Amino acid sequence: MKLAERMSRIGVESAFDVLVRARALEAQGRSVIHLEIGEPDFPTPPHVIAAAKQALDEGWTHYGPTQGLPELREAIAAHISRSRGVQVGPQHVSVVPGGKPIIFFPMIALLEPGDEVIYPNPGFPIYESMIRFLGAKPVPIPLEESRGFSFDLNLFRDRLNDRTKMVVLNSPQNPTGGVIPAQDLAAIAEMLRDRDVIVLSDEIYSEIYYGEPPVSIASFPGMLEKTIILDGFSKTYAMTGWRMGYGVMPEWLVDAVNKLMVNSNSCTASFTQRAGIAALQGPRDGVHAMVAEFRRRRDAIVVGLNQVPGFRCAMPGGAFYAFANVTGTGMSSKELADLLLYEAGVAGLNGGCFGEYGDGYIRFSYANSLPNLMEAVERIKKMSVRWEAALVR
Ligand SMILES: Cc1ncc(COP(=O)(O)O)c(C=O)c1O
(Lines give C-alpha, C1' and ligand atoms only; values in the text may rest on other atoms or scores of the structure.)
Protein backbone atom coordinates (compact mmCIF):
# COMPACT_ATOMS: atom_id res chain seq x y z
CA MET A 1 0.00 0.00 0.00
CA LYS A 2 1.34 3.41 -0.94
CA LEU A 3 1.28 6.19 1.66
CA ALA A 4 -0.41 9.45 0.73
CA GLU A 5 1.88 11.81 -1.17
CA ARG A 6 1.76 14.35 1.66
CA MET A 7 3.62 11.90 3.92
CA SER A 8 6.74 12.44 1.80
CA ARG A 9 6.75 16.04 3.01
CA ILE A 10 6.43 15.51 6.75
CA GLY A 11 9.58 15.70 8.91
CA VAL A 12 10.65 14.23 12.24
CA GLU A 13 12.54 15.34 15.34
CA SER A 14 16.16 14.20 15.36
CA ALA A 15 16.48 14.37 19.16
CA PHE A 16 14.52 11.14 19.35
CA ASP A 17 16.80 9.43 16.75
CA VAL A 18 19.97 10.45 18.59
CA LEU A 19 18.46 9.18 21.84
CA VAL A 20 17.90 5.78 20.19
CA ARG A 21 21.51 5.68 18.94
CA ALA A 22 22.82 6.72 22.36
CA ARG A 23 20.74 4.05 24.09
CA ALA A 24 22.08 1.43 21.66
CA LEU A 25 25.64 2.39 22.67
CA GLU A 26 24.69 2.13 26.33
CA ALA A 27 23.22 -1.32 25.70
CA GLN A 28 26.74 -2.31 24.52
CA GLY A 29 28.13 -1.14 27.86
CA ARG A 30 29.35 2.30 26.72
CA SER A 31 28.95 5.36 28.90
CA VAL A 32 27.00 8.21 27.27
CA ILE A 33 26.23 11.62 28.78
CA HIS A 34 22.85 12.68 27.47
CA LEU A 35 22.87 16.30 26.34
CA GLU A 36 20.52 15.73 23.41
CA ILE A 37 17.21 15.73 25.26
CA GLY A 38 14.83 18.68 25.39
CA GLU A 39 13.19 17.97 28.72
CA PRO A 40 13.92 19.08 32.28
CA ASP A 41 15.66 16.41 34.38
CA PHE A 42 13.58 17.40 37.43
CA PRO A 43 10.58 15.61 38.88
CA THR A 44 7.12 17.12 38.45
CA PRO A 45 6.39 19.16 41.64
CA PRO A 46 4.84 16.92 44.35
CA HIS A 47 1.68 19.02 44.78
CA VAL A 48 0.92 18.53 41.07
CA ILE A 49 1.33 14.75 41.37
CA ALA A 50 -0.85 14.78 44.50
CA ALA A 51 -3.56 16.71 42.61
CA ALA A 52 -3.52 14.13 39.79
CA LYS A 53 -3.83 11.24 42.27
CA GLN A 54 -6.68 12.99 44.04
CA ALA A 55 -8.40 13.62 40.71
CA LEU A 56 -8.17 9.92 39.84
CA ASP A 57 -9.65 9.01 43.23
CA GLU A 58 -12.43 11.55 42.72
CA GLY A 59 -13.36 10.02 39.39
CA TRP A 60 -11.92 12.50 36.88
CA THR A 61 -11.49 9.55 34.55
CA HIS A 62 -14.04 10.35 31.86
CA TYR A 63 -14.34 12.52 28.76
CA GLY A 64 -14.34 16.25 29.40
CA PRO A 65 -15.20 19.25 27.23
CA THR A 66 -13.21 19.31 23.96
CA GLN A 67 -11.88 22.80 24.62
CA GLY A 68 -10.64 21.89 28.09
CA LEU A 69 -12.09 22.03 31.62
CA PRO A 70 -13.59 25.49 32.29
CA GLU A 71 -11.71 25.81 35.63
CA LEU A 72 -8.38 25.10 33.92
CA ARG A 73 -9.16 27.52 31.09
CA GLU A 74 -10.00 30.18 33.71
CA ALA A 75 -6.67 29.53 35.45
CA ILE A 76 -4.76 29.67 32.15
CA ALA A 77 -6.52 32.90 31.07
CA ALA A 78 -5.68 34.51 34.45
CA HIS A 79 -2.04 33.35 34.17
CA ILE A 80 -1.62 34.60 30.61
CA SER A 81 -3.38 37.91 31.33
CA ARG A 82 -1.05 38.50 34.29
CA SER A 83 2.21 37.26 32.80
CA ARG A 84 1.80 38.75 29.30
CA GLY A 85 0.03 41.96 30.26
CA VAL A 86 -3.00 41.24 28.05
CA GLN A 87 -6.71 40.76 28.75
CA VAL A 88 -7.90 37.28 27.77
CA GLY A 89 -10.67 35.02 29.05
CA PRO A 90 -11.36 31.27 29.10
CA GLN A 91 -13.12 31.57 25.73
CA HIS A 92 -9.68 32.28 24.17
CA VAL A 93 -8.04 29.13 25.53
CA SER A 94 -7.74 25.68 23.93
CA VAL A 95 -6.30 22.96 26.15
CA VAL A 96 -4.59 20.24 24.11
CA PRO A 97 -2.27 17.25 24.70
CA GLY A 98 1.09 19.11 24.72
CA GLY A 99 2.42 22.27 23.14
CA LYS A 100 2.91 20.60 19.76
CA PRO A 101 -0.81 20.43 18.84
CA ILE A 102 -0.82 24.25 18.95
CA ILE A 103 1.53 24.09 15.97
CA PHE A 104 -0.34 21.21 14.29
CA PHE A 105 -3.96 22.36 14.64
CA PRO A 106 -3.69 26.09 13.88
CA MET A 107 -1.44 25.39 10.89
CA ILE A 108 -3.95 22.84 9.54
CA ALA A 109 -6.75 25.32 10.14
CA LEU A 110 -5.00 28.24 8.45
CA LEU A 111 -2.48 27.22 5.80
CA GLU A 112 -3.27 26.55 2.18
CA PRO A 113 -0.90 25.54 -0.63
CA GLY A 114 1.08 28.58 -1.70
CA ASP A 115 0.70 30.49 1.58
CA GLU A 116 4.04 31.66 2.92
CA VAL A 117 5.19 31.17 6.48
CA ILE A 118 8.19 33.00 7.91
CA TYR A 119 9.89 31.02 10.66
CA PRO A 120 13.18 31.05 12.57
CA ASN A 121 16.03 28.91 11.29
CA PRO A 122 17.63 27.20 13.16
CA GLY A 123 14.33 26.44 14.88
CA PHE A 124 12.10 23.75 16.31
CA PRO A 125 11.89 21.29 13.38
CA ILE A 126 8.13 20.78 13.65
CA TYR A 127 7.42 24.25 12.19
CA GLU A 128 9.06 23.48 8.86
CA SER A 129 7.73 19.92 8.86
CA MET A 130 4.14 21.10 9.19
CA ILE A 131 4.51 23.97 6.71
CA ARG A 132 5.78 21.51 4.07
CA PHE A 133 3.21 18.86 5.00
CA LEU A 134 0.42 21.31 4.26
CA GLY A 135 1.94 22.38 0.95
CA ALA A 136 2.61 25.92 2.18
CA LYS A 137 5.90 27.64 1.42
CA PRO A 138 8.56 27.70 4.14
CA VAL A 139 10.35 31.05 4.30
CA PRO A 140 13.23 30.56 6.75
CA ILE A 141 14.80 33.57 8.39
CA PRO A 142 18.33 33.02 9.68
CA LEU A 143 19.05 33.71 13.33
CA GLU A 144 22.25 35.63 13.88
CA GLU A 145 24.69 34.67 16.59
CA SER A 146 26.00 38.25 16.66
CA ARG A 147 22.49 39.50 17.54
CA GLY A 148 21.97 37.05 20.42
CA PHE A 149 20.27 34.75 17.90
CA SER A 150 17.60 37.26 16.90
CA PHE A 151 17.03 37.95 13.25
CA ASP A 152 17.91 40.86 11.01
CA LEU A 153 14.83 43.08 10.95
CA ASN A 154 15.60 44.42 7.47
CA LEU A 155 15.71 40.87 6.17
CA PHE A 156 12.42 40.18 7.92
CA ARG A 157 10.87 43.20 6.20
CA ASP A 158 12.15 41.96 2.83
CA ARG A 159 10.65 38.50 3.36
CA LEU A 160 7.18 39.84 4.16
CA ASN A 161 4.81 40.06 1.21
CA ASP A 162 1.13 39.66 0.35
CA ARG A 163 1.41 35.86 0.38
CA THR A 164 2.74 35.83 3.98
CA LYS A 165 -0.03 34.19 6.00
CA MET A 166 1.82 33.34 9.19
CA VAL A 167 4.92 34.38 11.12
CA VAL A 168 6.36 31.97 13.68
CA LEU A 169 8.28 33.48 16.60
CA ASN A 170 9.88 31.49 19.41
CA SER A 171 11.31 33.20 22.49
CA PRO A 172 13.10 31.92 24.56
CA GLN A 173 14.25 29.87 21.64
CA ASN A 174 15.03 26.26 20.88
CA PRO A 175 17.83 25.48 19.90
CA THR A 176 19.77 28.71 20.52
CA GLY A 177 18.49 29.83 23.93
CA GLY A 178 18.04 33.31 22.40
CA VAL A 179 15.44 35.74 23.75
CA ILE A 180 13.99 38.24 21.28
CA PRO A 181 14.57 41.77 22.69
CA ALA A 182 11.42 43.85 23.36
CA GLN A 183 12.52 46.53 20.88
CA ASP A 184 12.79 43.92 18.09
CA LEU A 185 9.30 42.69 18.92
CA ALA A 186 8.02 46.28 18.83
CA ALA A 187 9.51 46.66 15.35
CA ILE A 188 8.04 43.33 14.19
CA ALA A 189 4.62 44.30 15.59
CA GLU A 190 4.85 47.60 13.71
CA MET A 191 5.51 45.73 10.45
CA LEU A 192 2.67 43.24 10.99
CA ARG A 193 -0.05 45.36 12.58
CA ASP A 194 -1.81 46.38 9.36
CA ARG A 195 -1.24 43.11 7.52
CA ASP A 196 -3.57 40.16 7.24
CA VAL A 197 -1.17 37.75 8.98
CA ILE A 198 -1.27 35.66 12.09
CA VAL A 199 1.65 35.20 14.48
CA LEU A 200 2.30 31.82 16.07
CA SER A 201 4.23 32.88 19.17
CA ASP A 202 5.82 29.78 20.68
CA GLU A 203 6.35 30.71 24.33
CA ILE A 204 6.79 27.20 25.73
CA TYR A 205 10.00 28.34 27.54
CA SER A 206 8.32 31.51 28.86
CA GLU A 207 9.35 30.94 32.48
CA ILE A 208 12.87 29.67 31.84
CA TYR A 209 15.02 32.77 31.41
CA TYR A 210 18.05 34.29 33.13
CA GLY A 211 18.04 37.99 32.32
CA GLU A 212 15.34 40.29 31.04
CA PRO A 213 11.98 38.46 31.10
CA PRO A 214 10.79 37.53 27.62
CA VAL A 215 8.04 39.74 26.21
CA SER A 216 5.09 38.41 24.21
CA ILE A 217 4.32 40.00 20.85
CA ALA A 218 0.64 39.75 21.90
CA SER A 219 1.22 42.61 24.35
CA PHE A 220 1.85 45.19 21.59
CA PRO A 221 -1.09 47.33 20.43
CA GLY A 222 -3.26 45.58 17.85
CA MET A 223 -1.39 42.26 18.11
CA LEU A 224 -3.52 40.23 20.53
CA GLU A 225 -6.20 39.69 17.88
CA LYS A 226 -3.66 38.28 15.44
CA THR A 227 -1.53 36.16 17.77
CA ILE A 228 -1.66 32.53 18.87
CA ILE A 229 0.26 32.12 22.12
CA LEU A 230 1.59 28.56 22.50
CA ASP A 231 2.51 27.57 26.05
CA GLY A 232 2.10 24.56 28.28
CA PHE A 233 3.20 22.52 31.24
CA SER A 234 5.99 20.40 29.69
CA LYS A 235 8.98 22.60 30.38
CA THR A 236 7.93 24.94 33.21
CA TYR A 237 6.68 22.15 35.48
CA ALA A 238 8.81 19.29 34.12
CA MET A 239 5.66 17.58 32.79
CA THR A 240 6.74 16.44 29.31
CA GLY A 241 5.18 13.00 29.76
CA TRP A 242 1.82 14.31 30.95
CA ARG A 243 1.04 15.74 27.52
CA MET A 244 -0.64 18.97 28.38
CA GLY A 245 -0.34 22.30 26.65
CA TYR A 246 -2.54 25.13 25.48
CA GLY A 247 -3.04 27.88 22.98
CA VAL A 248 -4.47 31.34 23.62
CA MET A 249 -5.96 32.80 20.46
CA PRO A 250 -8.90 34.68 18.94
CA GLU A 251 -12.23 32.89 19.42
CA TRP A 252 -12.77 32.15 15.71
CA LEU A 253 -9.55 30.12 15.78
CA VAL A 254 -10.49 28.39 19.04
CA ASP A 255 -13.59 27.12 17.18
CA ALA A 256 -11.41 25.67 14.42
CA VAL A 257 -9.02 24.03 16.92
CA ASN A 258 -12.07 22.55 18.72
CA LYS A 259 -13.20 20.92 15.48
CA LEU A 260 -9.75 19.43 14.89
CA MET A 261 -9.58 18.26 18.51
CA VAL A 262 -12.97 16.57 18.35
CA ASN A 263 -11.83 14.77 15.21
CA SER A 264 -8.59 13.58 16.78
CA ASN A 265 -8.39 13.48 20.59
CA SER A 266 -11.95 14.30 21.74
CA CYS A 267 -10.38 16.04 24.74
CA THR A 268 -7.23 16.22 26.83
CA ALA A 269 -7.15 13.73 29.74
CA SER A 270 -9.36 15.00 32.57
CA PHE A 271 -7.24 14.12 35.62
CA THR A 272 -4.13 15.70 34.10
CA GLN A 273 -6.09 18.90 33.58
CA ARG A 274 -7.02 18.89 37.28
CA ALA A 275 -3.29 18.62 38.01
CA GLY A 276 -2.73 21.53 35.62
CA ILE A 277 -4.90 23.75 37.82
CA ALA A 278 -2.74 22.81 40.82
CA ALA A 279 0.41 23.60 38.81
CA LEU A 280 -0.83 27.08 37.88
CA GLN A 281 -2.34 27.98 41.24
CA GLY A 282 0.00 26.18 43.66
CA PRO A 283 3.43 27.07 45.08
CA ARG A 284 6.05 28.14 42.54
CA ASP A 285 9.16 27.34 44.57
CA GLY A 286 9.80 24.20 42.46
CA VAL A 287 9.85 26.28 39.26
CA HIS A 288 12.16 28.88 40.82
CA ALA A 289 14.55 26.22 42.15
CA MET A 290 14.68 24.52 38.74
CA VAL A 291 15.44 27.78 36.91
CA ALA A 292 18.11 28.70 39.51
CA GLU A 293 19.77 25.32 38.94
CA PHE A 294 19.58 25.74 35.15
CA ARG A 295 21.29 29.11 35.55
CA ARG A 296 24.19 27.55 37.52
CA ARG A 297 24.60 24.89 34.87
CA ARG A 298 24.32 27.38 32.01
CA ASP A 299 27.09 29.51 33.48
CA ALA A 300 29.32 26.48 33.95
CA ILE A 301 28.75 24.76 30.60
CA VAL A 302 29.18 27.95 28.58
CA VAL A 303 32.53 28.65 30.27
CA GLY A 304 33.55 25.01 29.70
CA LEU A 305 32.53 24.92 26.03
CA ASN A 306 34.41 28.16 25.35
CA GLN A 307 37.58 26.45 26.62
CA VAL A 308 37.33 23.74 23.96
CA PRO A 309 39.68 24.53 21.08
CA GLY A 310 37.64 25.54 18.01
CA PHE A 311 34.39 26.07 19.96
CA ARG A 312 32.66 29.40 20.61
CA CYS A 313 29.50 29.53 22.69
CA ALA A 314 27.29 32.57 23.29
CA MET A 315 25.58 33.00 26.68
CA PRO A 316 21.93 31.97 26.20
CA GLY A 317 19.24 34.17 27.77
CA GLY A 318 16.65 31.42 28.23
CA ALA A 319 15.54 27.78 27.75
CA PHE A 320 18.13 25.12 28.70
CA TYR A 321 20.29 24.83 25.61
CA ALA A 322 23.83 25.97 24.83
CA PHE A 323 24.30 26.40 21.08
CA ALA A 324 28.01 26.16 20.39
CA ASN A 325 29.56 27.39 17.16
CA VAL A 326 31.99 24.64 16.14
CA THR A 327 33.10 25.96 12.75
CA GLY A 328 36.54 26.66 14.26
CA THR A 329 37.20 22.92 14.49
CA GLY A 330 37.29 22.63 10.69
CA MET A 331 34.83 19.73 10.91
CA SER A 332 31.18 19.72 9.89
CA SER A 333 28.83 19.85 12.84
CA LYS A 334 27.30 16.53 11.74
CA GLU A 335 30.69 14.76 11.68
CA LEU A 336 31.62 16.34 14.98
CA ALA A 337 28.31 15.42 16.69
CA ASP A 338 28.84 11.80 15.54
CA LEU A 339 32.47 11.79 16.74
CA LEU A 340 31.39 13.14 20.13
CA LEU A 341 28.66 10.52 20.45
CA TYR A 342 30.56 7.47 19.24
CA GLU A 343 34.04 8.22 20.57
CA ALA A 344 33.66 10.65 23.48
CA GLY A 345 30.31 9.39 24.76
CA VAL A 346 28.68 12.83 24.67
CA ALA A 347 25.30 13.05 22.93
CA GLY A 348 24.53 16.50 21.52
CA LEU A 349 22.49 17.49 18.47
CA ASN A 350 23.92 18.66 15.18
CA GLY A 351 22.58 22.20 14.66
CA GLY A 352 21.70 21.21 11.07
CA CYS A 353 18.82 19.16 12.54
CA PHE A 354 17.17 22.51 13.23
CA GLY A 355 17.47 23.79 9.67
CA GLU A 356 20.23 24.73 7.26
CA TYR A 357 21.29 27.85 9.19
CA GLY A 358 22.02 25.65 12.19
CA ASP A 359 24.87 23.90 10.38
CA GLY A 360 28.17 24.64 12.09
CA TYR A 361 26.63 24.48 15.58
CA ILE A 362 25.95 21.76 18.13
CA ARG A 363 23.11 22.02 20.64
CA PHE A 364 23.94 20.82 24.13
CA SER A 365 20.97 20.55 26.49
CA TYR A 366 22.01 21.30 30.07
CA ALA A 367 19.09 19.32 31.47
CA ASN A 368 21.66 17.09 33.15
CA SER A 369 23.52 17.32 36.46
CA LEU A 370 26.42 19.74 36.92
CA PRO A 371 28.97 16.90 37.47
CA ASN A 372 27.76 15.22 34.26
CA LEU A 373 28.02 18.50 32.34
CA MET A 374 31.58 19.03 33.60
CA GLU A 375 32.48 15.44 32.69
CA ALA A 376 31.03 16.02 29.20
CA VAL A 377 33.17 19.14 28.75
CA GLU A 378 36.28 17.20 29.86
CA ARG A 379 35.49 14.40 27.39
CA ILE A 380 35.07 16.94 24.57
CA LYS A 381 38.32 18.71 25.50
CA LYS A 382 40.20 15.39 25.41
CA MET A 383 38.72 14.59 22.02
CA SER A 384 39.91 17.95 20.65
CA VAL A 385 43.35 16.52 19.76
CA ARG A 386 41.45 14.98 16.85
CA TRP A 387 40.75 18.35 15.29
CA GLU A 388 43.58 20.44 16.70
CA ALA A 389 45.62 20.15 13.49
CA ALA A 390 42.68 21.46 11.46
CA LEU A 391 41.84 24.36 13.81
CA VAL A 392 40.59 27.39 11.92
CA ARG A 393 42.12 30.37 13.69
C1 LIG B 1 10.11 25.36 20.85
C2 LIG B 1 9.26 24.24 21.26
N3 LIG B 1 7.94 24.30 21.02
C4 LIG B 1 7.10 23.31 21.36
C5 LIG B 1 7.58 22.16 21.97
C6 LIG B 1 6.60 21.05 22.27
O7 LIG B 1 6.31 20.89 23.58
P8 LIG B 1 5.40 19.66 24.09
O9 LIG B 1 6.33 18.59 24.53
O10 LIG B 1 4.60 20.25 25.21
O11 LIG B 1 4.53 19.22 22.96
C12 LIG B 1 8.94 22.04 22.25
C13 LIG B 1 9.47 20.82 22.86
O14 LIG B 1 10.62 20.48 22.75
C15 LIG B 1 9.80 23.10 21.88
O16 LIG B 1 11.12 23.04 22.11
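Does at least one position in the range 78-100 carry a residue that is part of a helix (DSSP H, G or I), farther than 30 Å from S333 by Cβ, open to solvent by less than 10 Å² (accessible area, probe 1.4 Å) and not basic (K, R)? Yes, there is a match, as at least one residue in the range 78-100 is part of a helix (DSSP H, G or I), farther than 30 Å from S333 by Cβ, open to solvent by less than 10 Å² (accessible area, probe 1.4 Å) and not basic (K, R). Across the range 8-18, the number of residues qualifying as open to solvent by 40 Å² or more (accessible area, probe 1.4 Å) and either in contact (Cβ under 8 Å) with a residue 60 or more places away in the chain or within 16 Å of the ligand (Cβ to nearest atom) (or both) comes to 5. Screening the range 162-219 for residues that are in a strand (DSSP E or B) and closer than 29 Å to E293 by Cα and picking the one that is farthest from the ligand (Cβ to nearest atom) gives Y209.
With the requirement that a residue be in a loop (DSSP other than H, G, I, E, B) and under 17 Å from A52 (Cα atoms), what does the range 263-277 give you? Result: C267, T268, A269.
Of the listed requirements (1) free of Cβ contacts under 8 Å to residues at least 12 places away in the same chain; (2) within 16 Å of the ligand (Cβ to nearest atom), R82 misses just one: (2). Once the range 11-27 is narrowed to residues that are at pLDDT below 95 and farther than 22 Å from E378 by Cα, the residue that is farthest from the chain's Cα centre (by Cα) is V20. For the range 239-254, the condition holds for no residue, the condition being that it is more than 16 Å from the ligand (Cβ to nearest atom) and touching a Phe, Trp or Tyr at 6+ places or on another chain (Cβ under 8 Å).
Only one of the listed residues (R147, R73) is among the basic types (K, R), crowded, with 19+ Cβ neighbours inside 10 Å and more than 16 Å from the ligand (Cβ to nearest atom). That residue is R73.
Just one of the listed residues (P142, P113) is without any contact (Cβ under 8 Å) to a residue 60 or more places away in the chain and at negative phi, namely P113. Considering only the range 290-297, I want to know if a residue exists there that is more than 26 Å from V88 (Cα to Cα), more than 15 Å from the ligand (Cβ to nearest atom) and surrounded by 23 or more Cβ atoms within 10 Å (Cβ to Cβ). For the range 290-297, residues more than 26 Å from V88 (Cα to Cα), more than 15 Å from the ligand (Cβ to nearest atom) and surrounded by 23 or more Cβ atoms within 10 Å (Cβ to Cβ): present. Pairing each residue of the range 227-248 that is open to solvent by 10 Å² or more (accessible area, probe 1.4 Å) and charged (D, E, K, R) with any residue that is part of a helix (DSSP H, G or I) and more than 7 Å from the ligand (Cβ to nearest atom), provided the two are 6+ apart or on different chains, yields C-beta distances under 9 Å for R243/T272. Only a single criterion out of (1) buried (at least 19 other Cβ atoms within 10 Å of the Cβ); (2) part of a loop (DSSP other than H, G, I, E, B) is not satisfied by P106, namely (2).
The set of residues in the range 22-46 being surrounded by 15 or more Cβ atoms within 10 Å (Cβ to Cβ) and not in a loop (DSSP other than H, G, I, E, B) consists of A22, L25, I33, H34.
For the range 85-103, the set of residues classified as within 16 Å of the ligand (Cβ to nearest atom) and closer than 14 Å to V254 by Cα consists of V93, S94, V95, V96, P101, I102, I103, listed by residue number. Whenever a residue of the range 314-328 is more than 13 Å from the ligand (Cβ to nearest atom) and open to solvent by 10 Å² or more (accessible area, probe 1.4 Å), its partners that are polar (S, T, N, Q) and in a strand (DSSP E or B), lying with C-beta atoms within less than 9 angstrom and at least six residues away or across chains, give the pairs A314/N325. Please go through the range 329-370 and pick out each residue that is part of a strand (DSSP E or B) and open to solvent by 40 Å² or more (accessible area, probe 1.4 Å). Across the range 329-370, there are no qualifying residues. Being out of contact with any strand residue (DSSP E or B) (no Cβ under 6 Å at 6 or more places or on another chain) and closer than 23 Å to S83 by Cβ is a description that applies to P181. Only a single item in (1) out of contact with any Phe, Trp or Tyr (no Cβ under 7 Å at 6 or more places or on another chain); (2) within 22 Å of G177 (Cβ to Cβ) is not met by F233, and it is number (1).
With the condition kept exactly as written, say whether any residue in the range 127-143 is away from the ligand (no atom under 16 Å from the Cβ) and among the acidic types (D, E). No: zero hits. Of everything in the range 366-393 that is under 30 Å from I208 (Cα atoms) and of a type in the set (A, V, I, L, M), the residue that is nearest to the chain's Cα centre (by Cα) is A367.
The values are calculated or read from the model by the stated rules, or taken from the named source; none is laboratory data. This one's a predicted model, so the numbers in the text were calculated from it and none came from an experiment. Note that we place each Cβ from the backbone using ideal geometry, even for glycine, and neighbour counts take in every protein chain shown. Only protein heavy atoms, including side chains, enter the accessible area calculation; ligands, DNA and RNA are left aside. Shrake-Rupley method; radii C 1.70, N 1.55, O 1.52, S 1.80 Å.
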